[in-house]
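Read through the structure below, which is laid out as structure tokens, and then see the notes.
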Amino acid sequence: MNFEDYRGVWVFIEEKDGAIAPVSLELLGAGRQLADKRKTELAGVLIGENISALAETAFEYGADKVYVYDAPIYRFYRTETYMRAMLACVEKHKPEILLYGATSTGKDLASAVATDLPTGLTADTTQLDVEEDTGLLLASRPAFGGNIMATILCKKYRPQMATVRPKVMKALPRKIGASGVVVEECIPLKEEDIRTKVLEIVRSTTRHIRIDEADIIVAGGKGLGSPAGFKVVQQLAEALGAAVGASRDVVEAGWIGHHHQVGQTGVTVTPKIYFAIGISGAIQHLVGMQNSGLIIAVNKDPAAPIFQACHYGIVGDALTIVPMLTEAFKSALGRKEEADAGKV
Amino acid sequence: MLHIVACIKQVPDTKIIKMNPKTNTMDRSSAPAILNPYDAHAVEEAVRLRNRYGGVVSVLTMGPPPAVKAIRKCIEIGADEGYMITDRAFAGADTLATSYALTKALEKIAQTRPIDLIICGKMTIDGDTGQVGPGIARRLDMPPLTSVNKVVEIDSEKRHAIVHRKLEDGYEVVRSTLPCLLSVEKEINEVPYSSLPNMLRAARYQPHIWSVADLPDIDKTQLGLKGSPTIVSSVWAPPKPQGGTMLEGTQSDQVSQLLDILMARQELFAAASGGEAP
Ligand SMILES: Cc1cc2nc3c(=O)[nH]c(=O)nc-3n(C[C@H](O)[C@H](O)[C@H](O)COP(=O)(O)OP(=O)(O)OC[C@H]3O[C@@H](n4cnc5c(N)ncnc54)[C@H](O)[C@@H]3O)c2cc1C
Ligand SMILES: Nc1ncnc2c1ncn2[C@@H]1O[C@H](COP(=O)(O)O)[C@@H](O)[C@H]1O
């Protein structure tokens, strides 16, 4: 393997509901920095049906080039078809670094591609850097349940691949009208040779508030004592127009569904305000919310680790404090509405 | 008659593990070894499918000799056979080297009883990648189906499986040819308490144990640390957060201070006030 042949930083661009998934935009931002440091180009790989127009968006978020595989066979994500496209693209154009979002699709694709190439793949990366002169990717991630951070290298193979957690990297500000090179690619794939078929897609009808998209999250923990105690969190969330989050212990106790779990094995969130109520602040919880804009903790134990990770803390019984806050907030908001109404 | 193999791993319980703050290595004696919690669901699903369609459930692990305990745990859940590959040559394997070694063992298992379905857990709590399952599938040229939260049907006559794959806002129904490999979510099932007969059987159960020498056509350069493209170059303690401002005074003082902090960001609550912004 001649390392000289492998150049450029690539991002697998995931499509979601006709747009580029936020994690892919974040990766273009992170990838741009790596590419600039290596003085090489940043390219996106876009696979799907009728997705060519998304290349524009990729350019606006920092890509120099986009490889496009646009065909009906890619209508739904399937490991077999997407993997064939990605393998062909890698073999033909040889990137030095290839990043995927650590989503279920990104992880599935990356694992298959890594095995076939073969090359090393670092999972769930939260920090990326590159050695300017050698091109060695420094991919760091929490390990052993978040107890340590580890930097992982792939010295002997190219491309170097990593999946990267959503919501940790920053997308660049959009540059309207930025342009780049579109490279249309095509490989011979026949539907009858593909062993998996997507028969149906079922969207859940009860549209739960997506906690990863919420501006405000009120999250409750085991300290609330019972499902009835957990209600104080739900009431505050309702008053604030916030989404409800939860620690893993609460989800495991069945007080609320797993969509609400924040943390290492749940969702990573970065709301503008995050309330941690009756949550101890275990490292696996912290990794999922520590980049929030404003963190407010309520806990009756002054030594709870959550107080190290918050901006403002209240030591006390959540079961009395939170309802007080809910009421105070409701009446303050009422006053504000009256004032606003007065202005009109 | 189906032959289902669940891949399982014994892991340190990372929830209570203690780290040596000087070396940033884990103090193994502080953490009891358990069956990877996600893999218990893989075994349970295999057992349920066997009960539904008939057949045999085997479990396979790669690990040090004490991992026999994890196999016994799977027998308690209801597995029929246990296989373990153990050898110093496997030590230090990353996901690529792990999937290679497990594939060699699966090929040997398949010689005596062809495999229809392989089930893996979503991820391990120590490796924490979810990459080993799809890796095995690629090496055996089986379709990998990840994020599976329901098995609708396994048809051994028509040679297909129909499963639900979890999506962010729902699920998709996928049909795959057999054999295939599933990585299952933990909500796919609940693992009940073990029955007494299974516990008795597990206590006496002796798994098949193989070393590298027992695996045919194995390429030793692809094993263990040597066969691993990724290496851990450094470990460090996660940065300690700084700590925040503690509010003081009576409870109602604290609440009103917090209210002030929130009302300073009024614009965020436009949605809560119910009306459109004027
Ligand atoms: C591999 C792995 C992955 C994990 N992933 C996650 C994850 O994604 N997300 C996650 O959250 N956890 C995760 N965990 C679990 C994590 O380690 C903790 O066990 C969990 O976060 C603790 O939840 P908790 O804070 O609700 O409960 P506890 O740790 O029990 O804390 C309860 C807190 O409430 C306080 N309290 C009690 N009563 C009151 C009261 N009346 N008023 C105010 N405060 C009160 C207590 O002082 C205490 O601090 C993971 C663990 C492992 C090993
Ligand atoms: N050493 C191992 N022995 C057997 N199965 C394993 C081993 N490591 C991983 N697996 C399987 O692969 C899945 C994903 O593991 P990981 O990629 O380590 O997160 C696990 O849930 C197991 O089903």
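The values are calculated or read from the model by the stated rules, or taken from the named source; none is laboratory data. This one's a predicted model, so the numbers in the text were calculated from it and none came from an experiment. Here the Cβ positions follow ideal geometry from the backbone for every residue, glycine too, while neighbour counts run over all protein chains shown. Calculation scope for accessible area: heavy atoms of the full protein, side chains included, ligands and nucleic acids excluded. Shrake-Rupley method; radii C 1.70, N 1.55, O 1.52, S 1.80 Å.
The figures follow:
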read-out	value
Unit charges on C-beta of K, R, D, E only; dipole of region B:29-80, Debye	80
Local electrostatic count, residue A:316, Cβ distance below 12 Å [Lys/Arg +1, Asp/Glu -1]	-3
Within a Gaussian network of chain A (alpha carbon springs, distance under 10 Å), most fluctuating of A:295, A:148, A:201	A:201
Computed over chain A: relative contact order in percent, which uses C-alpha pairs under 8 Å that are six or more apart	14
Loop chymotrypsin sites (Phe, Trp or Tyr not before Pro), region B:167-232 (other Cβ atoms within 10 Å of the site Cβ: 14 or fewer; DSSP)	B:193
Within 10 Å of each Cβ in A:295-301, the average number of Cβ atoms from other chains	2
When chain B is reduced to its Cα atoms, the Kirkwood hydrodynamic radius in Å	21.4
For region B:2-222: relative contact order, % (alpha-carbon pairs under 8 angstrom, 6 or more apart)	25
Per-peptide average of other Cβ atoms within 10 Å, ordering A:321-327, A:26-32 highest first	A:26-32, A:321-327
Residue-by-residue Karplus 3J(HN,Hα) for region A:111-117, coefficients 6.51, -1.76, 1.60, Hz, glycine and proline x	4, 5, 4, 4, 5, 6, 4
Rg [Å, one decimal], Dmax [Å, integer] - the protein assembly as shown, C-alpha atoms	25.4, 85
Of all DSSP beta bridges in region B:1-158, antiparallel share, percent nearest 5	30
Among A:235, A:308, A:284: highest mean-square fluctuation, GNM of chain A, C-alpha pairs under 10 Å	A:308
Derived scalar couplings ³J(HN,Hα) [region B:67-84; Karplus, 6.51 cos²θ - 1.76 cosθ + 1.60; whole Hz; x for Gly, Pro]	5, 3, 4, 5, 5, 4, 4, 5, 5, 4, 5, x, 5, 8, 10, x, 10, 9
Highest-fluctuation residue, A:95, A:159, A:188 considered, GNM on chain A with Cα pairs under 10 Å	A:188
Proximal charge balance of residue A:142 [Cβ under 13 Å; K/R count +1, D/E count -1]	-1
Simple Cβ-charge dipole of the protein assembly as shown, Lys/Arg +1 and Asp/Glu -1, about Cα centre, in debye nearest 20	1300
Cβ neighbours within 10 Å from other chains - mean over B:156-168	3
Centroid-to-centroid separation of region A:1-77 and region A:124-148 [C-alpha atoms, Å]	21
Helical contribution to [θ] at 222 nm, DSSP H n ≥ 4, -39,500 (n - 2.57), averaged over chain B, rounded to 500	-8500 deg cm²/dmol
Sulfur and carbon atoms: percent of accessible area, the protein assembly as shown [1.4 Å]	52
Amide proton proximity set for residue A:130, modelled H, under 5 Å, gap of 5+	A:138
Inter-chain shielding of A:106-119 (mean C-beta neighbours from other protein chains, 10 Å cut-off)	6
Rounded accessible area per residue of chain B, 1.4 Å, Å²	46
